[in-house]
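Bear in mind these aren't lab numbers, they're just calculated from the coordinates by the rules spelled out. Remember, predicted model here, so these are calculated numbers, not experimental data. Cβ placement follows ideal geometry from the backbone for every residue including glycine, while neighbour counts extend to all protein chains displayed.
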Amino acid sequence: MKQKKNYDGYCKTHITRNNSGFTLIELMVTVAILAVLAVVAIPMYSNYINRAKQSDAIIGLKAAQMSQEQFFSENNAYSNTIDILPGFDDSGTVDNSYAKGEYTLKVTSASTTSFVIAATWVDTSKGIDDRWTISNTNVEPVLDTTKSGIKGYSVFDWIFD
């Protein structure tokens, strides 16, 4: 114990404490704030990653649509397999399948007047069953809402789930 002289000249006993460090309450408040941030940030990050993967499907579908139109202009009919379209032969065999990121592109139907191409991503371990389609009448790819997994191509989708 240290003794200090008061201004009056009298001695008072003061116990000095070392006030360095954090209290338990301060640590609990910090952990609570970090938990709230994690609850918001992790779904946002997952949604961001899924939207980036969906952009692979959309880019692939738009390129396939342009290739189908090029094929139509040269052959007066749409291709019934994606492998013979320019830029979509990835395996050297005709299996109507082209890998674009996590998605697999396939021609689901084709005739002399129309076509439909689908991009599908199925991952049963994550519960993802995402499917986009494009046709000769669609300008933009369309999300198949009957499938579960990733919802639409939206920045704010994670808020409304």
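Take a quick pass over region 22-151 and tell me how many lysine pairs come in under 15 angstrom between Cα atoms, counting only ones 8 or more apart or on separate chains.
Numbers: Lys53/Lys62; Lys53/Lys100; Lys53/Lys126; Lys53/Lys151; Lys62/Lys100; Lys62/Lys106; Lys126/Lys147; Lys126/Lys151.
Lysine pairs meeting both conditions in region 22-151 amount to 8.
Report, in debye and to the nearest 20, how large the dipole of region 22-151 comes out about its Cα centre when Lys and Arg carry +1 and Asp and Glu carry -1 on their Cβ. All intermediate terms of the calculation are to be shown ahead of the outcome.
Working: 9 positive and 14 negative charges, 72 e Å.
Its charge dipole is roughly 340 debye.
In nm, to one decimal, how far is the modelled label at Asp129 from the one at Asp95, with both set 7 Å along Cα→Cβ?
Taking the two extended label points, one gets 2.3 nm.
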